[in-house]
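Notes follow once the structure below has been shown.
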Amino acid sequence: MNEKILYIEDNGVNRRLVRRILEREGYVVIEAADGLSGVQAALTEHPDLILMDINLPGLDGYEAATRLKSEPALADTPIVALTANVTPGDRERSLVSGCDGYIPKPIDPANFVLQVRAFLRGERESIDESLANYYLREYRDKLVNRLQAKIEELTRLNAELEQRVEERTRELEETQARLVRVEKEQAIIELAGAVAHELRQPQTVIAGLVGLILSDNYDQSQLQHDLQTIVEQVKEMSQLIDAMTELASYETKTYPGDIRIVDLEKSAQQSDQPRHNGIAP
Ligand code: MN
């Protein structure tokens, strides 16, 4: 079975180049473009060898190597740093972080193939113990500083998020208060409409009859009957006024033309006898 190589590298051009070189040699190449997805790919794919770029977004190559070395399933999988970090100490930094080898970029294709094959056969680079202690301390300090910076960043982001949630909640409360205000205004308009509508009819009857009674040619024989009608209409108006003072809930009815008015009958508290204003619509 062909050996499987995982290449963790954020640069697409580098990935394609290395893939071509290795595939020509018969290796299966899988790729990851950042530290976290590289760790994930290593855990799921169980490659025979991992090529690790160091300057990576998210977890860098050192951190990804340290993470992978803590996995028992990957304990024997060689991790080889493949990096443009070629200043003094970069090889040691790679080895103390958990890498088993170090190949500086740019690579020489022929030599690169030989180096990969050697690591697959079991070659491991070693580091002097006192040198390792020095770089381990440096690595530990770097990790703690990075952890602190990340925690500070998260704390700040969390505070910002909390503030945004607070602002949003306040906006919602203001909007709600505005809606309630608008509804109250609407209720007053609707109530006024209902009162006007219900009072206009008895008022029209009364005004009409009074006008007749005061006219020169009024038929006096009708007086008793007309006064009785006026008394009834006044009673209707009194009942409406009672209904308004008893107004407990708020119900509306829709009139043609989509006019909504308060339904005084429904809105008034239930009284013992049903109200009939007796006015023809
Ligand atoms: Mn890189």
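The values are calculated or read from the model by the stated rules, or taken from the named source; none is laboratory data. Just so you know, these numbers come straight off a predicted model, no measurement behind them. As a convention, Cβ positions derive from the backbone with ideal geometry for all residues, glycine included, and neighbour counts pool all protein chains shown. Surface accessibility is based on the protein's heavy atoms, side chains included, excluding ligands, DNA and RNA. Shrake-Rupley method; radii C 1.70, N 1.55, O 1.52, S 1.80 Å.
Filtering the range 33-41 for residues that are under 18 Å from Ser97 (Cβ atoms) and of a type in the set (Gly, Ala, Ser) leaves a non-empty set. Has the range 188-206 got at least one residue that is more than 60 Å from the chain's Cα centre (by Cα), part of a helix (DSSP H, G or I) and not hydroxyl-bearing (Ser, Thr, Tyr)? Yes, that holds for at least one residue.
Across the range 6-27, the qualifying residues are those that are open to solvent by 70 Å² or more (accessible area, probe 1.4 Å) and not charged (D, E, K, R), and the one among them that is nearest to the ligand (Cβ to nearest atom) is Val13. Just one of the numbered conditions (1) under 15 Å from Leu120 (Cβ atoms); (2) in contact (Cβ under 8 Å) with a residue 60 or more places away in the chain; (3) buried (at least 19 other Cβ atoms within 10 Å of the Cβ) is not true of Tyr62: (1).
Going by the structure shown, is Arg117 buried (at least 21 other Cβ atoms within 10 Å of the Cβ) and either assigned by TED's automatic domain parsing to the domain that holds Tyr27 or over 16 Å from Asn11 (Cα atoms) (or both)?
Judged against the criteria, Arg117 is not a match.
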